[in-house]
Amino acid sequence: MTVRHFLSLPDLSPDEIRQVLNRAIEMKREFASGVTMDILRHRTAVLVFEKSSTRTRMSFESGITHLGGNAIFLAPTDSHLGRGEPVADTARVLSRMASLIILRTGSHSRVEEMARYSSVPVINGLSDYNHPCQLLADMQTWIERRGDIGGRRVAWIGDGNNVCHSWMNAARLLGFSLVIATPAGYEPDPDLSALCAQSISFTNDPREAVAGADLVVTDTWASMGQEEEKARRQADFDGFCVDESMMALADRDALFMHCLPAYRGMEVTAEVLEGPRSVVWDEAENRLHAQKALMEFLLSQ
Ligand code: CP
Ligand code: NVA
């Protein structure tokens, strides 16, 4: 049996991503009509979270319950990981007891190390490098609203951060163009930028990026772990708030996405976040369905 991990979007082929997304849409419908599942029956999945979470924790714990399994949440304060036990040792212990490991952490190298030493699938629930589960939910949300994303134009406004990196991978794998507008000095990872060069372009002007876009996406200016940079970042990101005047430059049918949590008046106004183009609550809900489909996929390999 092959162990398949999901540390980054390219861990799935484009066809596998589409398969998971189609299944997520189907599972959403089935769940609403009361269909129950037992692919995790009598089995445990462990969530190891070294950073805060509302959506990722809730969607995985609920999803594991929906699949008939039991979720155990380990925080650094109540496990030995927080007292310096190596990730490699933790991986070997956890994977002898659990059928899946979901890890949210700072350094992406910890996710890679967990996968290297785990004998069960490891899912990246966010690292400083990327957030691939978010993109599965976002792609599901787009498909539900607008169909295939191939050939569309997406504008990323703000920090070239972990979520931006996953959008870059999605653009490359699913064939849409991503225009990334960041202030100077906040560009995404150069190696990933080189890999995705055919699908992405850059500007320091958010209005240029949004012009004619089918979808406008943003995220917080200060990610978890960057709290001390907040004041400097607020100054550096002046002009990058997605407001109604910016959305007016996008295509008339354009949607707005944000992975949440959102900071109203910073990266997005309350009007845009709560407005008719915003699909942020669907994105949040779809974390549940997309990750259930992902877990089913990984467990069936
Ligand atoms: N979007 C997202 O991952 O949210 P949480 O940090 O609440 O899990
Ligand atoms: N970029 C944000 C995403 C939160 C879901 C962070 O890493 O804090």
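The values are calculated or read from the model by the stated rules, or taken from the named source; none is laboratory data. Predicted model only: the values in this text are computed from it and were never measured. Counting neighbours? That spans all protein chains shown, and the Cβs are built from the backbone with ideal geometry, glycine included. Side chains are part of the model used for accessible areas, which takes the heavy atoms of the whole protein and leaves out ligands, DNA and RNA. Shrake-Rupley method; radii C 1.70, N 1.55, O 1.52, S 1.80 Å.
For the stretch 62-71, a residue qualifies if it is crowded, with 18+ Cβ neighbours inside 10 Å and either under 17 Å from the mean Cα position of the chain (by Cα) or free of Cβ contacts under 8 Å to residues at least 40 places away in the same chain (or both), and the qualifying residues are GLY63, GLY69, ALA71.
Please determine, by comparing only the residues of the stretch 204-227 that are closer than 17 Å to ASP159 by Cβ and outside any loop (DSSP other than H, G, I, E, B), which one is most open to solvent (accessible area, probe 1.4 Å). My answer is GLU227. Inspect all residues belonging to the stretch 132-143 and state whether any of them is part of a strand (DSSP E or B) and modelled with pLDDT of 95 or more. Among the residues of the stretch 132-143, not one is part of a strand (DSSP E or B) and modelled with pLDDT of 95 or more, which makes the answer no.
For the stretch 62-76, the count of residues that are within 16 Å of ligand 1 (Cβ to nearest atom), part of a loop (DSSP other than H, G, I, E, B) and either of a type outside the set (A, V, I, L, M) or over 17 Å from LEU94 (Cβ atoms) (or both) is zero. Taking the stretch 170-182 on its own, how many of its residues are open to solvent by 10 Å² or more (accessible area, probe 1.4 Å) and of a type outside the set (A, V, I, L, M)? The total comes to 3. Here GLY82 does not qualify as within 16 Å of ligand 1 (Cβ to nearest atom), in a helix (DSSP H, G or I), of a type outside the set (S, T, N, Q) and on the phi < 0 side of the Ramachandran plot. Only residues that are away from ligand 1 (no atom under 16 Å from the Cβ), surrounded by 21 or more Cβ atoms within 10 Å (Cβ to Cβ) and polar (S, T, N, Q) were counted across the stretch 100-129, and they come to 1. Considering the stretch 143-169, and only residues there that are within 16 Å of ligand 1 (Cβ to nearest atom) and farther than 22 Å from ARG104 by Cα, the residue that is surrounded by the fewest Cβ atoms within 10 Å (Cβ to Cβ) turns out to be GLY158.
Close contacts from the stretch 168-190, counting a first residue that is farther than 26 Å from ARG233 by Cα and part of a helix (DSSP H, G or I) and a second that is of a type outside the set (A, V, I, L, M, F, W, C) and open to solvent by 10 Å² or more (accessible area, probe 1.4 Å), with Cβ to Cβ under 6 Å and a gap of 6+ residues or different chains, come to ALA171/SER199; ARG172/SER199; LEU173/PRO14.
Being in contact with a strand residue (DSSP E or B) (Cβ under 6 Å, 6 or more places away or on another chain) and closer than 15 Å to ASP219 by Cα is the filter here; which residues of the stretch 142-177 pass it? Within the stretch 142-177, VAL154, ALA155, TRP156, ILE157, GLY158, CYS164, TRP167, MET168 qualify.
Give the residues of the stretch 254-270 that are without any contact (Cβ under 8 Å) to a residue 60 or more places away in the chain and either within 16 Å of ligand 2 (Cβ to nearest atom) or out of contact with any strand residue (DSSP E or B) (no Cβ under 9 Å at 6 or more places or on another chain) (or both), sorted by residue number.
Narrowing the stretch 254-270 to residues without any contact (Cβ under 8 Å) to a residue 60 or more places away in the chain: 254, 256, 258, 262-266, 268-270.
The answer is HIS258, ALA262, TYR263, ARG264, GLY265, MET266, VAL268.
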